[in-house]
Amino acid sequence: FHRAMVRTMTAALRIPHFGYSDEVELSRLAALRKELKSLCESRGVRLSFMPFFIKAASLGLLHFPVLNASLDEGCQNITYKASHNIGLAMDTSQGLLVPNVKNVQLLSVFEIAQELNRLQALGTAGQLGTNELTGGTFTLSNIGSIGGTYAKPVILPPEVAIGALGKIQVLPRFDAGGQVVPAHIMNVSWSADHRIIDGATMSRFSNLWKEYLENPAAMVLDLK
Ligand code: COA
């Protein structure tokens, strides 16, 4: 696993990384998760925030497919991937591994949670296999589950974008009426391959992802 990490991270050094960060207000999502958590538990599934982050990313990728693409070695061709196989950095007994949830564009939030539970159980048991660890097209790294606010994530080639999620904190913010209220705040740090993704595209994708998470009702509207 360490040898693979050396190989991929050395290849990643050749990619000009564009960094972009923002703050996301998750109070509505926190309330929604609280509501759905026990329902999921009654169906035998643990519901964290990750399934929402992953689904919102997939809904965003539908509008910005270049973020779910790869660039060939000679930088001549861009391949757009139809499947949203969203990887998540996982702290496992074997070290950092990045299994992916396949075809997120076809899955409900519940189905993503179910698959995430399965991947986490395999990760804990040190049993993640080739099928789980290959074919990723886009990655999210929830470093906030350990701690920390900002990160500078490194793209996993041949992918072209990655997002790092900071810890969700309750912090004072102004509401629409100018009153200070407690808000669930998370920071996101994106890195994109600047050879094929410009800052405006990354920023527009991030805005859309953020919009879905800040107004989860909008996410329901666009679910297939
Ligand atoms: N901020 C605050 N709370 C968080 C959080 C965050 N960013 N991420 C997770 N939590 C909460 C979850 O909501 C859950 O709360 P609950 O007990 O009330 O349900 C609890 O922490 C445990 O969640 P976890 O088991 O970590 O699930 P997850 O789906 O959020 O994350 C992984 C799954 C695989 C991403 C995570 O376990 C992991 O391995 N994180 C480390 C990733 C890493 O090493 N990144 C660096 C790569 S360079």
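The values are calculated or read from the model by the stated rules, or taken from the named source; none is laboratory data. Since we're looking at a predicted model, the values are computed, not measured. Because the Cβ atoms are built from the backbone with ideal geometry, glycine has one as well, and the counts that use them run over all protein chains shown.
Summary of computed values
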quantity	calculated
Which listed residue is touching a residue at least 12 places away in the same chain (Cβ under 8 Å) and surrounded by fewer than 16 Cβ atoms within 10 Å (Cβ to Cβ), from Gln105, Gln94	Gln94
Conditions (1) within 12 Å of the ligand (Cβ to nearest atom); (2) within 13 Å of Met50 (Cβ to Cβ); number of the one not met by Gly148	(2)
Of residues in region 154-167 being over 12 Å from Leu88 (Cβ atoms) and near the ligand (Cβ under 7 Å from one of its atoms), the one farthest from the chain's Cα centre (by Cα)	Lys167
Candidate set: region 55-82, residues that are crowded, with 16+ Cβ neighbours inside 10 Å and within 13 Å of Gly136 (Cα to Cα); chosen: the one nearest to the ligand (Cβ to nearest atom)	Ser58
Enumerated strands (runs of 3 or more DSSP E) restricted to region 161-224, each holding at least 3 residues that are in contact with a Ser or Thr (Cβ under 6 Å, 6 or more places away or on another chain) and surrounded by 14 or more Cβ atoms within 10 Å (Cβ to Cβ)	180-193
Residues being over 20 Å from Lys210 (Cβ atoms) and touching a residue at least 24 places away in the same chain (Cβ under 8 Å) - total across region 161-183	0
Of all residues in region 135-160 being β-branched (Val, Ile, Thr) and in a loop (DSSP other than H, G, I, E, B), the one that is modelled with the lowest pLDDT	Ile146
Close pairs from region 116-132: first free of Cβ contacts under 8 Å to residues at least 40 places away in the same chain and small (Gly, Ala, Ser), partner outside any loop (DSSP other than H, G, I, E, B) and within 12 Å of the ligand (Cβ to nearest atom), Cβ under 7 Å, at least 6 apart	Gly123/Met90; Gly123/Thr92; Gly123/Leu97; Gly126/Thr92
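Conditions (1) touching a Cys at 6+ places or on another chain (Cβ under 7 Å); (2) of a type in the set (Ser, Thr, Tyr); (3) under 23 Å from His84 (Cα atoms), marked per residue:
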{"position": "Ser141", "(1), (2), (3)": "no, yes, yes"}
{"position": "Val160", "(1), (2), (3)": "no, no, yes"}
{"position": "Pro172", "(1), (2), (3)": "no, no, no"}
{"position": "Ile185", "(1), (2), (3)": "no, no, no"}
{"position": "Ile196", "(1), (2), (3)": "no, no, yes"}
{"position": "Asp222", "(1), (2), (3)": "no, no, yes"}
